[in-house]
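Data block below; observations after.
The values are calculated or read from the model by the stated rules, or taken from the named source; none is laboratory data. Since the structure is predicted, the reported quantities are computational estimates derived from the model, not experimental observations. Glycine also receives a Cβ, built like all others from the backbone with ideal geometry; neighbour counts cover every protein chain displayed.
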């Protein structure tokens, strides 16, 4: 059983002088920076692909939606596998799929190839990068779970800050095909190398969570506690969490994919529009770090509610943003909320349902949320193709944020049978 706060108590003991869990955090940080940094920067390729092939925004957005939906679907499998076999093999295979996907995209010449390579290969490859790494960190840390999850997700923010600018430089200097080739090689090297440092849980090294000393020789690690997968699926609280993240990711992926084309529609140059996306990544670093710490102090539910407050405010501002400086203000507020949301999602599941089946339960939440991420960008592209404007899309998103805040405020600690 979990405690009243949802945290699983850890055994006290002499603190480790150097705790291997921090190696996992560092390796996971870099995997997040490269994996999600490249994935979330795909909007930078929109205009080069449209210019060369004349593909519609809805057509390209559809490939992203397929990718994100498969990412969510396979997150359940990745989470269950991580509960059983651990992260090393899973993340190695994920890196191979990602790298091959980007390398082969450098040679594509038809829209169906984008759906096959980005939609299928990259979608499956990226699916483990959140559920596996965050679920692993949730096992290595209890008292420090929120802040270590936040530090890990800072990696995504760093990637979102650096990768759009790096990719834009590559495209400008060498073209989009060379840019994809370079990204593919980089992903293969980073993922295959760093994945070898990953371990499922501290017990595998004879350690206690949080670096609270070593296990007594010959003793076994304490059994993980919490809800089973079946128990969690019968809990209303899981579905409220899923609804909150479904709505958030619907808004988030729409922004990430369409903010650069929207800025360019306003007459803003491509490099300045890319800096708006990079600003979101930069401010998400602060959101991930601060809200990760906040979830340890005030609870993950209230940290989630605060993020929704920032999200709603930024989306209302976006409705009136018609100048570059206004887009940068949006990027600052939205970026903070964006980072916070992703830093607290794993601690939220662990706080409410424990760690016994954390990977599988977390995978369900990711799958449901990625359906929102698949629907949002596709509908946004379709609405733009019909109306020539994102205005209706930007009107709908603050309403979605308000509903998500309501689902968050309705959360209550679940009871385990």
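Of all residues in the range 131-149, at least one satisfies being within 24 Å of residue 335 (Cβ to Cβ), buried (at least 24 other Cβ atoms within 10 Å of the Cβ) and modelled with pLDDT of 90 or more. Any residue at all in the range 355-362 that's on the phi > 0 side of the Ramachandran plot, surrounded by fewer than 24 Cβ atoms within 10 Å (Cβ to Cβ), more than 15 Å from the chain's Cα centre (by Cα) and not in a helix (DSSP H, G or I)? No, the conditions are met nowhere in the range 355-362. When 296, 265 are checked against the criterion of being surrounded by fewer than 24 Cβ atoms within 10 Å (Cβ to Cβ) and under 20 Å from the mean Cα position of the chain (by Cα), a single residue qualifies: 296. Is one or more of the residues making up the range 298-316 more than 26 Å from residue 264 (Cβ to Cβ), out of contact with any strand residue (DSSP E or B) (no Cβ under 6 Å at 6 or more places or on another chain) and either assigned to a loop (DSSP other than H, G, I, E, B) or at pLDDT below 85 (or both)? Within the range 298-316 (the criterion being more than 26 Å from residue 264 (Cβ to Cβ), out of contact with any strand residue (DSSP E or B) (no Cβ under 6 Å at 6 or more places or on another chain) and either assigned to a loop (DSSP other than H, G, I, E, B) or at pLDDT below 85 (or both)), the answer is yes, since at least one residue qualifies.
Residues checked against (1) surrounded by 21 or more Cβ atoms within 10 Å (Cβ to Cβ); (2) modelled with pLDDT of 80 or more; (3) within 27 Å of residue 180 (Cβ to Cβ):
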position: 26; (1), (2), (3): no, yes, no
position: 53; (1), (2), (3): no, yes, yes
position: 58; (1), (2), (3): no, no, yes
position: 72; (1), (2), (3): yes, yes, yes
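What number goes with the only condition from (1) at pLDDT 85 or above; (2) within 27 Å of residue 285 (Cα to Cα); (3) buried (at least 17 other Cβ atoms within 10 Å of the Cβ) that residue 200 does not pass? Condition (1) is where residue 200 drops out. Tell me, please, whether a residue that is over 18 Å from residue 337 (Cβ atoms), in a helix (DSSP H, G or I) and modelled with pLDDT under 85 can be found in the range 390-411. Within the range 390-411, none of the residues are over 18 Å from residue 337 (Cβ atoms), in a helix (DSSP H, G or I) and modelled with pLDDT under 85. Out of curiosity, is residue 152 under 17 Å from the mean Cα position of the chain (by Cα), over 30 Å from residue 50 (Cα atoms) and at pLDDT below 90? Yes.
Just to be sure, is residue 104 outside any loop (DSSP other than H, G, I, E, B) and within 19 Å of the chain's Cα centre (by Cα)? The answer is no for residue 104. Let me confirm something: among 203, 186, 193, which residue is free of Cβ contacts under 8 Å to residues at least 60 places away in the same chain, in a helix (DSSP H, G or I) and within 15 Å of residue 32 (Cα to Cα)? One residue alone meets the criteria, 193. Screening residue 334 with (1) surrounded by fewer than 20 Cβ atoms within 10 Å (Cβ to Cβ); (2) in contact (Cβ under 8 Å) with a residue 12 or more places away in the chain; (3) assigned to a helix (DSSP H, G or I) gives one miss only, at (1). Checked against (1) more than 30 Å from residue 233 (Cα to Cα); (2) at pLDDT below 85; (3) buried (at least 18 other Cβ atoms within 10 Å of the Cβ), residue 385 meets all criteria but (3). Does residue 369 meet the test of being over 16 Å from the mean Cα position of the chain (by Cα), within 28 Å of residue 84 (Cβ to Cβ), assigned to a helix (DSSP H, G or I) and at pLDDT below 90? In short, no.
The listed residues are 277, 348, and the only one of them that is within 23 Å of residue 33 (Cβ to Cβ) and modelled with pLDDT under 85 turns out to be 277.
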